[in-house]
Amino acid sequence: MSQQRAVKTDSKLEKILAAGHLAVTSECGPPRGSDPDVITHKGNMLKEYVDVVNITDNQTSMTRMCSLAACIRLKQLGVEPVLQMVTRDRNRIALQSDILGAASFDITNVLCLSGDHQSFGDCPNGQNVHDLDSMQLIQTVRYMRDEGKFLGGDDIKRPPKMFVGAAANPFADPFEIRVPRLAKKIAAGVEFIQTQCIYNLDKFELWMKQVRDRGLHEKVYILAGLTPFKNAGMAKYMRSRVPGMDVPDDVVKRMSDTPKEKQAEEGLNICIESIERLKQIEGVHGFHIMAIEWEEKVPEIVKRAGLWPRPEVS
């Protein structure tokens with residue numbers, strides 16, 4: 001765990017990380033409709049067991065309730081949200097506008113992403129925007145926060161005070177550019193990283209060694225991503241059909257060799273064993289648990305992994 005660092009925002013996540021605690025984050029996808037009870041239900045399940053909850057931004061390019069509105073719902077519940085923003089759908093005017101909108105509700109965390117290509121979703125003929133890329137979005141949020149200015153140069157009245165995050169995939173090809181790409185995001189101003197789901201722990205350990213060799217673990221908080229398998233079919237699908245995912249054959253075999261009625265339990269066991277191993281890696285500052293449409297299992301994972309109760313910060 002890290003030594004105590006200076007805190008720049010009112011983010012609960014930043015305060016927990018700066019104090020040297022292992023952070024626990026999770027996420028939920030907004031509904032494909034306007035029913036707020038979906039977010040309320042998930043938020044209440046996660047509330048006491050994680051430090052913050054990410055709200056995804058039209059993940060896999062499927063049209064959903066907007067991330068900002070869902071974040072506001074969480075905020076009203078007393079759950080600290082992380083606003084995910086993708087550059088796929090908005091130009092720099094809209095991005096800055098949404099940042100200000102979030103700041104007006106005192107949303108203090110943002111995750112800057114490019115977004116999945118629209119061909120994966122329900123509007124494959126939709127037009128990409130990508131006026132900015134994810135690194136430029138990181139720079140934009142930091143410029144608005146630290147300089148108190150819009151990209152056009154005008155002053156901002158009450159600048160946003162956001163803890164700035166991004167994603168990293170240690171497993172995408174080519175592997176040799178993964179750490180240099182992280183270094184570029186750090187140079188752009190990112191303060192915390194949530195990684196892709198980790199199943200190949202050996203490869204992740206190699207990535208972290210290269211991160212430490214460049215001293216990057218002292219410049220950014222890295223949260224290791226985990227997604228528990230519900231069954232062997234999910235493991236096989238993620239191995240063969242999800243780009244940038246690395247699921248070793250022995251993990252798929254372990255799930256496949258487990259009787260069908262016990263596969264969900266085995267998926268949780270693998271997740272918890274992974275957390276225990278990841279705790280030992282220097283430079284890992286916490287865990288991002290992405291239980292996809294299985295949020296009710298997050299409390300069990302957090303408790304069994306020895307990550308509960310969560311620390312209090314002020």
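The values are calculated or read from the model by the stated rules, or taken from the named source; none is laboratory data. The model shown is predicted, which means the values in this text are computed figures rather than measured ones. Counting neighbours? That spans all protein chains shown, and the Cβs are built from the backbone with ideal geometry, glycine included.
If I filter the stretch 255-273 for residues that are part of a helix (DSSP H, G or I), closer than 20 Å to Cys28 by Cβ and of a type outside the set (A, V, I, L, M), do I get at least one hit?
Scanning the stretch 255-273 turns up at least one residue that is part of a helix (DSSP H, G or I), closer than 20 Å to Cys28 by Cβ and of a type outside the set (A, V, I, L, M).
Of everything in the stretch 143-164 that's out of contact with any Asp or Glu (no Cβ under 6 Å at 6 or more places or on another chain) and among the aliphatic types (A, V, I, L, M), which residue is farthest from Glu14 (Cα to Cα)?
Among those that are out of contact with any Asp or Glu (no Cβ under 6 Å at 6 or more places or on another chain) and among the aliphatic types (A, V, I, L, M), it is Leu151.
State which residue is modelled with the highest pLDDT when the search covers only the stretch 6-21 and only residues that are among the aliphatic types (A, V, I, L, M) and in a loop (DSSP other than H, G, I, E, B).
Top of the filtered list is Ala19.
Starting from the stretch 148-177, take each residue that is over 18 Å from Leu95 (Cβ atoms) and in contact (Cβ under 8 Å) with a residue 24 or more places away in the chain and list its partners that are surrounded by 18 or more Cβ atoms within 10 Å (Cβ to Cβ) and of a type in the set (Lys, Arg), counting only C-beta distances under 9 angstrom and pairs at least six apart or across chains.
Sorted first by the residue in the stretch 148-177, then by its partner, the pairs are Ala168/Arg178; Ala168/Lys185; Asn169/Arg178; Pro170/Arg178; Phe171/Arg178; Ala172/Arg178.
Let me confirm something: among Val52, Val141, Val86, which residue is out of contact with any Ser or Thr (no Cβ under 7 Å at 6 or more places or on another chain) and of a type in the set (Val, Ile, Thr)?
Result: Val141 is the single residue among Val52, Val141, Val86 that is out of contact with any Ser or Thr (no Cβ under 7 Å at 6 or more places or on another chain) and of a type in the set (Val, Ile, Thr).
Residue check, Gly244 against (1) surrounded by fewer than 16 Cβ atoms within 10 Å (Cβ to Cβ); (2) touching a strand residue (DSSP E or B) at 6+ places or on another chain (Cβ under 9 Å); (3) more than 25 Å from Ile55 (Cα to Cα), all met but one. Which one?
(3)
Does at least one position in the stretch 224-236 carry a residue that is within 23 Å of Val302 (Cα to Cα), surrounded by 15 or more Cβ atoms within 10 Å (Cβ to Cβ) and among the aromatic types (Phe, Trp, Tyr)?
yes
Answer yes or no as to whether Leu206 is over 22 Å from Leu111 (Cα atoms), in contact with a Phe, Trp or Tyr (Cβ under 8 Å, 6 or more places away or on another chain) and modelled with pLDDT of 95 or more. Break it down into steps so the answer makes sense when it comes.
Numbers: over 22 Å from Leu111 (Cα atoms): yes; in contact with a Phe, Trp or Tyr (Cβ under 8 Å, 6 or more places away or on another chain): no; modelled with pLDDT of 95 or more: yes.
Judged against the criteria, Leu206 is not a match.
For the stretch 22-127, list the strands (runs of 3 or more DSSP E) that sit wholly inside it and hold at least 1 residues that are in contact with a His (Cβ under 6 Å, 6 or more places away or on another chain); which are they?
Hits in the stretch 22-127: 23-28.
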